[in-house]
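Down below is the structure, laid out as structure tokens.
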Amino acid sequence: MEEKDYKLVRVADAQVGLIGLKAIFEELKDKRNEPEPVLKEMLVEKAGKKNYIPHSVREEYKKALFREFKKFLGEKVEEERGGILEIVILGPGCYACDKLEHDVMAVLSETGIQAALNHITDPDLMAQYGILPTPALIINGKVKSVGINPTKSTIKKWLEEESRK
């Protein structure tokens, strides 16, 4: 069975699924010493052959692809974060996972905290996080719970803590 080559990548304030990055990074790893602007252009050109990259956000894609390329090379990279919280729920869409999503949305609505909420149900994308069992709650890249549904008051506490950072 052929391995699927797609990855979730943060581009500006959104998570975008991109295909073919592993092959692109393998192809360009010998060019790692090229000047950064040249390398960024090569990355976005190659990624654009299999993915839709809107011209209006091309520069953001360049930054994101370059950041992911550096991670691929094993370099330490500081994650970019937009002005809002990034919340990820991992789970196949079972009752517990859907309840966690509902509880998070209820707390966000109650508090007015701005966040990007992404419920990932695809097993291949969930595997990228290396977290089992589900449901899992991740806020700004920090794993907050795994295999349980935290109470709404706990979710609220975590969201308020992260929104102050």
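Brief remarks on what is shown
- Test: residue in the stretch 47-60 that is surrounded by 13 or more Cβ atoms within 10 Å (Cβ to Cβ), of a type in the set (S, T, N, Q), in contact (Cβ under 8 Å) with a residue 24 or more places away in the chain and not assigned by TED's automatic domain parsing to the domain that holds Lys156: yes
- The set of residues in the stretch 123-165 that are in a strand (DSSP E or B), under 15 Å from the mean Cα position of the chain (by Cα) and β-branched (Val, Ile, Thr) comprises Ile138, Ile139, Val143.
- Filtering the stretch 105-121 to residues that are more than 9 Å from Leu90 (Cα to Cα) and not in a helix (DSSP H, G or I) leaves Gly112, Ile113, Gln114, Ala115, Ala116, Leu117.
- Considering (1) assigned to a helix (DSSP H, G or I); (2) more than 30 Å from Pro150 (Cβ to Cβ), the lone condition that Lys76 does not fulfil carries the number (1).
- Selected residue [acidic (Asp, Glu), surrounded by fewer than 12 Cβ atoms within 10 Å (Cβ to Cβ), at pLDDT below 90 and out of contact with any helix residue (DSSP H, G or I) (no Cβ under 7 Å at 6 or more places or on another chain)] from Glu26, Glu86, Glu78: Glu78
The values are calculated or read from the model by the stated rules, or taken from the named source; none is laboratory data. Quick caveat, the model's predicted, so the values are computed rather than measured. With ideal geometry, Cβ positions are generated from the backbone for all residues, glycine too; neighbour counts draw on all protein chains shown.
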